[in-house]
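Chemist: Can you keep this structure in mind? I'll have questions shortly.
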Amino acid sequence: MSDTARTPTVDPITFEVIRNALVAATDEMVLSLKRSAYSTNIKTRSDFSCAFFDAGLRPIAQGFAQPVHLGSMVQQIPQAIRRYGPERLERGDMLITNDPYPSGVHLNDMSLIAPVHVDDELIGYVANLAHHVDVGGGAPASIGAFREVFQEGVIVPPVRLVRDGSIVDDVFRLLLGQIRSKHETAGDLRAQVAANTTGVRRIQSLVGRHGRGTVLRTMDELVDYTERRARAELEALPHGTYGSEGSVDTDGYTDERVQLRARVTISPEGVHFDLAGCDPQRRAPVNSTYAQTFSACAYVVKCLIDPDLPVNEGFYRLVTLDAPAGTVVNCAWPAPVVGGWETQTRLTDVMFHALLPAFPDRLPAGTKAMMAQAGFGSLDEVAGKYVCFYDTFAGGYGGRAASDGPDAVQAHGQNTENAPIEETELNYPVRIPRLSLVEDSDGAGRHRGGLGLRKDYRFDRPTTFTILADRDKSGPHGVFGGLAGREAEYVLIRGGQETRLGSKVTVELEPGDVVSCRTCGGGGYGPPEERDPELVARDVREGKVGAERARDVYRVAVVAGAVDEAETSVLRGSS
């Protein structure tokens with residue numbers, strides 16, 4: 001605690017200026033990457049994040065696009081630099097890596113790291129992580145029910161992609177040689193280089209303006225300030241140990257559920273997560289790396305404290321994790337990791353459920369709690385290129401103590417944006433004939449869960465399509481008397497006939513085939529018969545809840561869009 005009690009050596013105004021300038025540098029990296037990228041997944045869906053680390057590899061500032069990267073970069077970037085050797089990095093160099101072992105995430109997430117030098121002295125490192133539409137492997141978009149990590153795509157240990165400001169052509173061509181979507185991937189990698197270049201310049205400019213000593217002292221004080229504030233926040237929370245369990249529905253090869261257990265201990269000294277009891281890792285797409293799991297823990301803590309609290313080493317010091325090695329929450333080489341985010345986001349739901357008794361007014365019922373990934377690809381024989389596309393689907397959020405769960409949103413740490421139909425159809429060989437909410441998918445409750453999303457893809461040429469999702473066996477849980485949301489459905493429509501698909505499957509499509517992805521609704525909060533009848537009538541008018549279900553589940557009679565108060569009184573009187 002002596003560090004946190006240190007007397008400030010930078011005046012408050014300078015402190016705030018530099019503190020915000022550091023975050024602004026990472027935010028400008030975000031804009032540079034988003035505006036320079038080629039793929040829809042990065043330039044439109046914003047599936048990336050940026051950060052700045054000091055010379056001691058402490059996280060100092062993060063520009064957030066994706067909260068799932070909140071803690072994963074903190075694990076991956078320092079270990080990648082140590083593994084490569086910081087002494088080998090010169091001004092103008094950049095490392096690239098996607099290696100999930102010992103500290104990364106899944107292979108699609110490529111990280112670029114650049115040292116920041118001022119007058120030949122190392123100030124720190126800027127880094128960005130972006131999800132690439134394809135990194136090779138056994139299926140287009142590099143997702144699928146793979147048995148081991150080698151099937152998932154090219155594995156890149158920390159290597160130098162940029163030397164003295166120029167891309168190393170041999171390394172660049174070697175990477176692209178393993179990848180289907182060469183044009184988009186080349187453009188996205190260059191965009192990542194541009195983002196880091198922007199970050200380096202902004203940090204150098206900041207040091208040039210305020211002086212190296214002042215900036216370094218401010219970074220030390222910022223970390224200490226954050227820890228003091230975080231400890232004060234934790235002091236005000238209800239202390240104790242809270243536990244819960246849940247599961248991923250299937251592993252893609254068997255119907256055996258993947259069990260998850262979490263115990264969360266809140267104390268003035270920090271928040272500790274104990275995941276003993278989670279299932280052993282499997283030769284299936286359900287394994288989360290330590291970095292992915294730590295990210296879930298950091299996200300949960302961030303949701304419980306002041307949203308204005310800076311996110312840096314001072315915050316992360318107070319988040320500790322015990323995830324037994326060789327389990328689905330801390331898998332070991334060579335386990336497949338492509339579905340790790342599915343397990344990670346379900347684990348977040350389990351943690352929130354554990355904490356619900358302590359925070360009944362702040363935490364929701366069960367949510368979509370899956371990434372709900374899909375990818376497809378096909379060969380354009382005329383153009384002589386392979387086309388790949390990657391998407392994730394929104395779903396229902398859980399009902400809350402004071403409001404309904406939002407319809408069709410990305411839940412928890414997943415913050416990707418919608419891929420617009422117009423952009424998708426313009427750039428990829430697909431038509432999307434339907435995008436709509438799924439009627440009656442909500443978990444009924446005093447405050448209902450949000451509705452799931454239906455998105456249909458139609459193809460006019462042979463295409464390989466992969467679904468890597470979940471929630472097709474059971475929907476998100478309700479709380480305090482609320483009901484579970486409807487489970488998801490994944491459907492192949494061929495010749496007018498519907499065939500139910502699994503949630504982790506790759507299919508070969510024929511011209512005219514349609515794949516329909518229908519995600520789950522969120523769980524309900526409180527008993528359905530306590531819902532305001534006027535809200536039920538509004539849901540019926542808007543096509544979100546059917547009149548029959550309003551009567552049977554909510555005990556509300558809706559006739560011609562209005563509440564029949566006499567019949568509703570009878571229905572609710574007999575419930």
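The values are calculated or read from the model by the stated rules, or taken from the named source; none is laboratory data. Note that this is a predicted model, so its numbers are computed, not measured. FYI the Cβ positions are ideal-geometry reconstructions off the backbone, even for glycines, and counts take in every protein chain you see. When the accessible area is computed, the model is the full protein with side chains, heavy atoms only, and any ligands, DNA or RNA have been set aside. Shrake-Rupley method; radii C 1.70, N 1.55, O 1.52, S 1.80 Å.
Chemist: Quote the charge dipole size of the stretch 377-528 about the Cα centre in Debye, to the nearest 20; the model charges only the Cβ of Lys and Arg (+1) and of Asp and Glu (-1). Let's see the in-between values first.
Modeler: Values: 17 positive and 22 negative charges, 100 e Å.
Dipole about the Cα centre, nearest 20: 480 debye.
Chemist: Separate question: Report, in cubic angstrom per residue, the convex hull volume of the C-alpha atoms of the stretch 88-181.
Modeler: Convex hull volume per residue, Cα atoms: 97 Å³.
Chemist: Okay, moving on. Send over a whole-number figure in Å² for the accessible area per residue of the chain, probe 1.4 Å.
Modeler: Accessible area per residue: 36 Å².
Chemist: What shape does the stretch 135-215 have by the C-alpha gyration tensor, where a ≥ b ≥ c are the square roots of the eigenvalues, rounded means a/c under 1.5, and otherwise prolate means a/b greater than b/c and oblate the rest?
Modeler: Prolate, because a/c is 1.5 or more and a/b exceeds b/c.
Chemist: What's the local net charge at L453, with K and R +1, D and E -1, over the other residues with C-beta under 10 Å away?
Modeler: +3
Chemist: Report the convex hull volume per residue for the stretch 346-424, counting only C-alpha atoms, in Å³.
Modeler: Normalising the Cα hull of the stretch 346-424 by residue number yields 90 Å³.
Chemist: Please report the relative contact order for the stretch 424-575, taking Cα pairs under 8 Å with a sequence separation of at least 6, and give it as a percent rounded to a whole number.
Modeler: 26 percent
Chemist: In square angstrom, rounded to the nearest 10, how much accessible surface does V558 have for a 1.4 Å probe?
Modeler: It works out to around 20 Å².
Chemist: Just tell me, in residue order, which DSSP H segments of the chain are both 24 angstrom or longer along the helix axis (alpha-carbon based) and at least -1.0 in mean Kyte-Doolittle hydropathy. Walk me through the numbers on the way to the answer.
Modeler: Working: long enough: 12-36 (36 Å, 0.46); 182-210 (42 Å, -0.62); 212-235 (35 Å, -0.92).
The answer, listed by residue number, is 12-36, 182-210, 212-235.
Chemist: Which distance in Å, rounded to a whole number, links the C-alpha centroids of the stretch 438-483 and the stretch 350-420?
Modeler: 10 Å
Chemist: Per residue of the stretch 305-315, in order, report the coupling 6.51 cos²θ - 1.76 cosθ + 1.60 (Karplus, θ = phi - 60°) as ³J(HN,Hα) in whole Hz, putting x for Gly and Pro.
Modeler: Once rounded to whole Hz, the list reads 10, 3, x, 7, 5, x, 10, 7, 3, x, 6.
Chemist: Given the pairs K43/K385; K302/K473; K385/K473, which are separated by over 26 angstrom at their Cα positions?
Modeler: Too far apart for the 26 Å limit: K302/K473; K385/K473.
Chemist: Once the dipole of the stretch 419-575 is set up with Lys and Arg at +1 and Asp and Glu at -1 on Cβ about the Cα centre, which of S516, A419, T463 lies farthest towards its positive end?
Modeler: T463
Chemist: Now for a different question. What distance in nm lies between label points placed 7 Å from Cα along the C-beta direction at E422 and E567?
Modeler: Spacing of the two 7 Å Cα→Cβ label points: 4.3 nm.
Chemist: Another question about this same structure. Go through H131, P360, V553 and say which Cα lies farthest out towards the positive end of the charge dipole of the chain; charges sit on Cβ, +1 for Lys and Arg, -1 for Asp and Glu.
Modeler: Value computed over the given set: H131.
Chemist: Using only helices, what value at 222 nm comes out for the chain when you add -39,500 (n - 2.57) per DSSP H run of length 4 or more and divide by the total residues, to the nearest 500 deg cm²/dmol?
Modeler: -9500 deg cm²/dmol
Chemist: When only alpha-carbon atoms count, how far does the stretch 18-79 stretch along each of its three principal axes, as whole angstroms with the largest first?
Modeler: 35, 25, 16 Å, listed from the longest principal axis down.
Chemist: Over all distinct alpha-carbon pairs, what is the Kirkwood Rh of the stretch 456-534 in angstrom?
Modeler: The Cα-based Kirkwood calculation yields 14.3 Å.
Chemist: In sequence order, what are the phi-derived ³J(HN,Hα) couplings for the stretch 512-525 according to the Karplus relation 6.51 cos²θ - 1.76 cosθ + 1.60 with θ = phi - 60°, rounded to whole Hz, with x for glycine and proline?
Modeler: For the stretch 512-525, the Karplus-derived couplings read x, 5, 10, 10, 10, 9, 10, 7, 6, x, x, x, x, 10 Hz, x marking Gly and Pro.
Chemist: To continue, here is another question. Going from the alpha-carbon gyration tensor of the stretch 381-521, what semi-axes, largest first and in whole Å, does one get by taking the root of 5 times each eigenvalue?
Modeler: Whole-Å semi-axes of the equivalent ellipsoid: 31, 16, 12.
Chemist: Now, a different point. Would you mind counting up the charge near K473? Only other residues with Cβ under 10 Å from its Cβ, with Lys and Arg at +1 and Asp and Glu at -1. All intermediate terms of the calculation are to be shown ahead of the outcome.
Modeler: Values: positive: R257, R471; negative: D249, D255, D470, D472, E487.
Residues near K473 contribute -3 overall.
Chemist: Still on this structure: Can you pull a Stokes-Einstein diffusion coefficient for the chain at 10 °C (1.306 mPa s), Rh from Kirkwood over Cα pairs, as a whole number of µm²/s?
Modeler: 64 µm²/s
Chemist: Quick one: length gained pulling L379 to E256 fully straight, 0.36 nm per residue minus the C-alpha distance?
Modeler: 40.7 nm
Chemist: Just the number, please: carbon plus sulfur as a percent of the accessible area of the chain, 1.4 Å probe, no ligands or DNA/RNA counted.
Modeler: Reported share for carbon and sulfur atoms: 50 percent.
Chemist: Still on this structure: Which whole-angstrom value gives the distance between the alpha carbon centres of the stretch 131-159 and the stretch 528-575?
Modeler: The two parts, judged by their Cα centres, are 49 Å apart.
Chemist: Ratio of the stretch 260-370's C-alpha Rg to 2.2 N^0.38 Å, to two decimals? Intermediate results must be reported in sequence, preceding the final value.
Modeler: Details: Rg = 13.9 Å, N = 111, 2.2 N^0.38 = 13.2 Å.
Dividing the Cα Rg of the stretch 260-370 by 2.2 N^0.38 Å gives 1.05.
Chemist: Given contacts defined as C-alpha pairs under 8 Å and at least six residues apart, what's the relative contact order of the chain, whole-number percent?
Modeler: Relative CO of the chain lands at 13 percent.
Chemist: Could you give the size of the charge dipole of the chain about its Cα centre, using +1 on the Cβ of each K and R and -1 on the Cβ of each D and E, expressed in debye and rounded to the nearest 20?
Modeler: 440 debye
Chemist: How do 463-475, 211-223, 18-30 rank on mean C-beta neighbours within 10 Å, highest first?
Modeler: With the highest mean Cβ count within 10 Å placed first, the list reads 463-475, 18-30, 211-223.
Chemist: 5 Å is the cut-off here: which amide hydrogens, built 1.01 Å from N in the peptide plane, fall below it relative to H117, excluding neighbours closer than 5 in sequence?
Modeler: I123
Chemist: Here's another thing I want to ask about it. For the stretch 170-275, which semi-axes, largest first and in whole Å, follow from the square roots of 5 times the eigenvalues of its Cα gyration tensor?
Modeler: 38, 35, 8
Chemist: Additional query: When only Cα pairs under 8 Å and 6 or more residues apart are kept, what is the percent relative contact order across the stretch 1-100?
Modeler: Result for the stretch 1-100 is 19 percent.
Chemist: Something else about it: May I ask you to rank H447, H131 by accessible area, largest first, using a 1.4 Å probe over the protein chains only?
Modeler: Per-residue accessible area, sorted high to low, gives H447, H131.
Chemist: On to the next question. To the nearest 10 square angstrom, how much accessible area does R257 have with a 1.4 angstrom probe?
Modeler: 80 Å²
Chemist: Then there is this: Sorted by packing (mean other beta-carbon atoms within 10 Å per residue), highest first, where do 365-371, 346-352 land?
Modeler: Ranked from most to least packed, the peptides come out as 365-371, 346-352.
Chemist: Determine the distance separating the Cα centre of the stretch 229-290 from the Cα centre of the stretch 71-93; give it in Å without decimals.
Modeler: Cα centroid of the stretch 229-290 versus Cα centroid of the stretch 71-93: 28 Å apart.
Chemist: Can you pull the percent of Cα pairs in the stretch 309-390 with separation above 14 Å?
Modeler: 78 percent
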